[in-house]
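Written out below as structure tokens is the structure these notes cover.
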Amino acid sequence: MADYIGGSGRRNNRITQRRREPDVQGRRRISSSDTGTARSARRLAAEKKRVRHQVFVAGGIVVVMFASMITYMVSYSATHKDELMNNDYNGREELLLAKNQRGKIYAADGQVLAESKTDAKGNQTREYPFGKLFGHIIGYTPKGGSGVEQLENAELIKSDISLSEKAAYDQKGELYPGNDVYTTLMPDLQKTASEALGDYDGAVIVTEAKTGKILAMVSHPEFDPGNIEKDWDSLMSDTEKGTLVNRVTQGLYAPGSTFKIFDAIEFMSEDMQKAMAYTFDCPGYTTIDGVMINCYHWEVHGEQNLEQSFANSCNSSFATIGTSLDRDKFAAKLKEMMFDEDLPYDLPSSRSSFVLDDSTSTKEVMQLAIGQGKTLMTPLHLNMITAAIANGGEVYKPYVVDSVKSADGTVLVQNKPTDYRNVISSDVDKKMQEFCREVVTDGTASKLSTRPYHAAGKTGTAEYDTNSADSNAWFTGYAYDDNHNEIAITVVIEGATGSGGTNAVPVARTIMDKYFGYTPKAGEDDDANYVHVVNDKDGDGVNDANEGTSTSSDLPEKTVKLNMDTNKDGINDAVDLNGDGVADAVDTDGDGIPETNVGGGATDISAAASSASSASSDASSAGSSSASDAASSASSDTSGTAQSTAQNGAAAASSQTQQTQGQAAAAAQQQTQDQAAAAAQQGTQQTDQSAQQTQDAGAAQNADNTQNDYVNPTTGDAQGEAAWSEQQADAAAAAAQNGAGQ
Amino acid sequence: MRTYILALTKYGIAALVVAYTILAFIMLFRRSRQAVHSMCVVQIELMAAMTVVSYVTLFTALGKAGYLLMCVLQVAVFSAAFFLYQTLYSNAYMPIFNNMCMLLSIGLIFLSRIGLDRAAKQFVIAVGGLAIAFILPFFRSKFYLLKKTGYVCAFLGIAALAVVMLLGSTTLGANITYTIFGLTFQPSEFVKILYLIFLAATLKDAKDLQDLIPIAVFAGAHVLVLIGSKDLGSGLIFYIVFIFMVYMATGKVLYLAGGFGAMAAASVVLYHFFSHIQQRVQAFLDPWSLIDSIGYQITQALFAISAGGVFGDGLGQGTPDKIPFVESDFVFAGLTEELGQIVGICVILITLSCFLHMLSLSMHFADRFYRLLAFGAAISYGFQAFLTLGGQTKFIPLTGVTLPMISYGGSSILSTILLFTMVQIMYMLRGDRIDEYKRKQRRLQRERASYYDDDGDRYGYDARRGRYQSGYSRAMRDETALDRQDPQSDYDRRREYAAVRGGSSLRRYSRED
């Protein structure tokens, strides 16, 4: 207070001087003269309060500014640490590498996946003992890096050994050993998976369902990370193959029938009672709002409940279910199940996508329900969902780095399984497990049924190219036995000439065998065992419709419970022309003449048969098989007509084809019956004559998914093409939209 | 051994700096002179220890004997300065002096790491600055003359700035330096002090808007000339100082808010006129896509700050020289890389504590001129530090002002020391007056005591503590009883009594002997 009374300057001195007088008057004067000062004292006190307030305001502003600046600085450098360290303009990596030797990357069993060697000049070279095998997941270091090399770059180039050891290394004049990364990968499983995939392009991922550990991740075509700099230009120029793209995490594929997992989950989640009571009488096709979708090869599944529909992968049934689902809820459920969002995965991954809202057409909803159209998924995503089914609905974050240790063994980072989200309620999950098991025991994945371990899953075949026979064969499933952890496997094979059941399941089976240490008995995997002969009234093991012809040894599934009498008039109106156990022709208009000839069935028959029924074959089997080259060239003159009529809005139902086709079609139709018999004979010969691949293709088309063929001419949709990078994915999406616009 | 020194000393340095910083903040709230004194001594010891450890590390890492020489010189000079200052000026405010020395030390250590020749130059400048800090307070009795300068300072300042604008050399697109007698200096740093004096001298009498207008015109002239020289960082500081000082003088938040609003509007206009503002804003918004050009410097700074992590790479073991102009514009980012984010944060906090110490001093000045001057000095220092620190951490766009006392550059150091010394002088003057007043009060008390003490033996007067304990209170009670019919005089007497006893404001850093 003194300073306020004192004020400033010399005036102050005068006052105090006066106060000094030590007599009675002086004392009196203090109080009396202060009555004058009292007002100013009060004013000063008020001013002091105001100044205090002002100083607090100004100080507060600056303190808040400084505090937020410090917070920003710390959080920015903490959250962007690795990103900053990996930036090419940051020269500190070289600085660290001048001191430290880049650390090693180990597999789960302790084998070295990547290590550095330092030559006499101090130059480090990175070596990959397994060569191409781990190319995508381990990645490479130059050019910005990829995979684990990039993910853990900051750790690999650091060295956290103890000081005394550093001193010892200094003594020896050697570089400090960098930190080592221990992955969850299993080399033998990876090798098996890569070999099982063979020459096909595609992707395989194996994870531990209860933890999210990635045990194997294969993407074909492969590259050798050790030669990346040498091969860089050729890899970059080859955009078509997309070798550098990790198809597991970045490849976007139409999920095909594996998407029925989502349909079933949503159906049961909406109304379990209704789902359990659900039945569908499958005549081999279904028409909703004028759009027809048929089951593979017009396969008539007959009376199906949900479980059977799932096991047999009945398109008609699921298209019906799909259109009956509440769109908002379904879209919400799909989003909950990680569509349209970034997967919880540390390395780059693409977003799975779908289109479903109130403006989506029925046709698109039907396509969605069977995993076609604009629906795209990454194999990793499907694998996570599969693991969730195995795991009571819990999605675990997939991870590949188990721990980071310094060279002397100190654990620096220990990753733990992360429960990401529950996506399936427990009662639905229980049912899903039963369904997936049924697919193995009595469905499209029957190739797994003889195994002692418990396997379950779902197959799928997605056709991505309307102009070729190529399709993506899917299998996603899980398996466990008493001694091993549950594993989830997802396989996608690009350009497979067969279905998920024929191509993808054996790959998964090989991997499971390896994991569970099972050696198949001789003849156990002989595919002939799975031929399920139908319509064999005389019990001779051969279909009555084409008695005398041999069955293909490549018949994939024992799904077929073919009801040859689709309209229940007591007359078989479906005919299995080629004896593959599947109806190739069906009499849908009830005139007693099977007028269409479908999918792979057509290819098995001769070119003549194909051209005879060219209307349907062209309208339907654009992508059916490579064997149809001959067929399509033979029928090239009529195909234009067929397509144009189909695009005019007529559903590709064979009956309508007949009406709209005009005379050419009518003639062809009449020929069909005659030719059918001949075709049955010729088909066999043709099979023998044509290349083995052709036959495979035809038989393989016995998959669970061909609707694409039928919907396509009427829609002109660009089907879900595998898109290799995010930009390409965008381009594909744009293309799909354009296609839809046409 | 080398391995151990290089790996471990950074923790030692961090610990010493953290301890120093904590003390600097504790002293903001401690009022006992004795406690503050002992804490200041501890601080000086911590500072010396930090200097020794840092130079030993640098010597180990880079092996130049010059580091040891710098170490000895630095410890000797700063320790001697501290004790000498304290003895010479018993009323000096040592926490500010200490912070000044600490920031100079850190700056010198970092500059030595970049290059010893620069550090030597800087050291000479620092010693010169300390000399100023020593000499000026001798003439503090004439300090009141500054009150009368007013517009003279404004004319001088504007003239100096105009000369630089027209004749000065261009550094990085801004006309901000001027060479005279072979010495290059940046006049805006010194004009800033003239400007503060001008504002304080004129605003102390400003009552209403009418008084403010001429002041605003002159202040605006400063800012415009600076903008004309493209020294936008300084222009911004001048402007902010103006609006804060107007706020302080008038007490109206409206001026502050309106000032900031006008600043925002002006920024938008200036953005469209000056291409280098546009560049800096672009480099701030997305440095990564401009990493090849204008984003290079800031991204290198971010790399450096992040690379060091919590404790840094250790002195001599990072690559701070990758950042262009690290010794002047990006000294903070550079030292954070090697000394770690902890030390970086401590440097920010020491800077902040300087600001807060000055601010709290300004609060205790009764004289409006002193109060405004100290307040303006605090604001100008605080915002300058904020602009450069925020720019280096990508919190705000870069403005190209230096970090006071750490950055390389004589003008910056000398003007900041001048600024601090001014505040120091005002505090000393206040202390002198308090001393004098207390002396007088004590004498008055003694005389009054003999007056009250009936037997004249001054019973009850504690000569050592300079006041009555029981007797005086009794006397006051009597007095109160006498004057009960006059409440006003009672109020005054109580005030007086409080003042004599050492009222709340006196208790801060007052001598208790």
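For A:G198, the conditions (1) out of contact with any Pro (no Cβ under 7 Å at 6 or more places or on another chain); (2) crowded, with 20+ Cβ neighbours inside 10 Å; (3) closer than 20 Å to A:G495 by Cβ are fulfilled apart from (2).
The helices (runs of 4 or more DSSP H) found wholly in the stretch A:95-163 and carrying at least 2 residues that are within 14 Å of chain B (Cβ to nearest Cβ) occupy A:153-156.
Which of the residues spanning the stretch A:291-307 are within 25 Å of the chain's Cα centre (by Cα) and in a helix (DSSP H, G or I)? Within the stretch A:291-307, A:Y296, A:L306, A:E307 qualify.
What number of residues in the stretch B:255-276 are over 15 Å from A:I61 (Cβ atoms) and not small (G, A, S)? Of the residues in the stretch B:255-276, 8 are over 15 Å from A:I61 (Cβ atoms) and not small (G, A, S). Tell me, yes or no, whether the stretch B:419-442 has at least one residue that is at pLDDT 90 or above, out of contact with any Asp or Glu (no Cβ under 6 Å at 6 or more places or on another chain) and under 30 Å from B:I305 (Cβ atoms). Yes: the stretch B:419-442 contains one or more residues that are at pLDDT 90 or above, out of contact with any Asp or Glu (no Cβ under 6 Å at 6 or more places or on another chain) and under 30 Å from B:I305 (Cβ atoms). Count of the stretch B:358-369 residues, restricted to those that are among the aliphatic types (A, V, I, L, M), facing chain A (nearest Cβ under 7 Å) and part of a helix (DSSP H, G or I), is 2.
Taking B:T3 as the residue in question, decide whether it is crowded, with 16+ Cβ neighbours inside 10 Å, under 19 Å from the mean Cα position of the chain (by Cα), within 14 Å of another protein chain (Cβ to nearest Cβ) and part of a helix (DSSP H, G or I).
On the way: crowded, with 16+ Cβ neighbours inside 10 Å: yes; under 19 Å from the mean Cα position of the chain (by Cα): no; within 14 Å of another protein chain (Cβ to nearest Cβ): yes; part of a helix (DSSP H, G or I): yes.
When the stated conditions are applied, B:T3 does not pass them.
Only one of the numbered conditions (1) surrounded by 22 or more Cβ atoms within 10 Å (Cβ to Cβ); (2) over 20 Å from A:A264 (Cβ atoms); (3) of a type in the set (D, E, K, R) is not met by A:D289, and that is (1).
Restricting attention to the stretch B:305-322, report how many residues are at negative phi, more than 9 Å from chain A (Cβ to nearest Cβ) and crowded, with 20+ Cβ neighbours inside 10 Å. So the count comes out to 2. The residues listed here are B:Y67, B:Y93; of these, the one that is of a type in the set (F, W, Y), over 30 Å from B:L429 (Cβ atoms) and buried (at least 21 other Cβ atoms within 10 Å of the Cβ) is B:Y67.
State yes or no: is B:F365 on the phi > 0 side of the Ramachandran plot, surrounded by fewer than 24 Cβ atoms within 10 Å (Cβ to Cβ) and hydrophobic (A, V, I, L, M, F, W, C)? No.
Each residue in the stretch B:16-50 was checked for being within 20 Å of the chain's Cα centre (by Cα) and not in a helix (DSSP H, G or I), and 2 pass. Here are some residues: B:L199, B:L203, B:L212. Which one is surrounded by fewer than 20 Cβ atoms within 10 Å (Cβ to Cβ) and of a type outside the set (S, T, N, Q)? The match here is B:L212.
Within the stretch B:212-239, residues that are of a type in the set (D, E) sit with their Cβ atoms under 9 Å from residues that are outside any helix (DSSP H, G or I), at 6+ positions apart or across chains, in these pairs: B:D231/B:A174; B:D231/B:N175; B:D231/B:I176; B:D231/B:Q186; B:D231/B:G400; B:D231/B:V401.
Residues that are among the β-branched types (V, I, T) and assigned to a helix (DSSP H, G or I) do occur in the stretch B:381-393, at least one of them.
Within the bounds of the stretch B:262-282, is there any residue that is at positive phi and either within 11 Å of chain A (Cβ to nearest Cβ) or surrounded by fewer than 22 Cβ atoms within 10 Å (Cβ to Cβ) (or both)? No, the stretch B:262-282 has no match at all. Can you tell me which residue in the stretch B:70-90 is nearest to B:I413 (Cα to Cα), limited to those that are crowded, with 21+ Cβ neighbours inside 10 Å and more than 18 Å from the chain's Cα centre (by Cα)? That would be B:Q74. With the condition kept exactly as written, say whether any residue in the stretch B:283-303 is in contact with a Ser or Thr (Cβ under 6 Å, 6 or more places away or on another chain) and at the interface with chain A (Cβ under 9 Å from one of its Cβ atoms). Scanning the stretch B:283-303, I find at least one residue that is in contact with a Ser or Thr (Cβ under 6 Å, 6 or more places away or on another chain) and at the interface with chain A (Cβ under 9 Å from one of its Cβ atoms), so the answer is yes.
For the residues B:F325, B:F332, B:F355, the requirement of being more than 8 Å from chain A (Cβ to nearest Cβ) and in a helix (DSSP H, G or I) singles out B:F332.
Would it be correct to say that A:G131 is closer than 26 Å to A:E222 by Cα and of a type in the set (G, A, S)? So A:G131 passes the test.
The values are calculated or read from the model by the stated rules, or taken from the named source; none is laboratory data. As the structure is a computational prediction, the values presented were derived from the model and not from experiment. Virtual Cβ from ideal backbone geometry, glycine too; neighbours counted across all protein chains shown.
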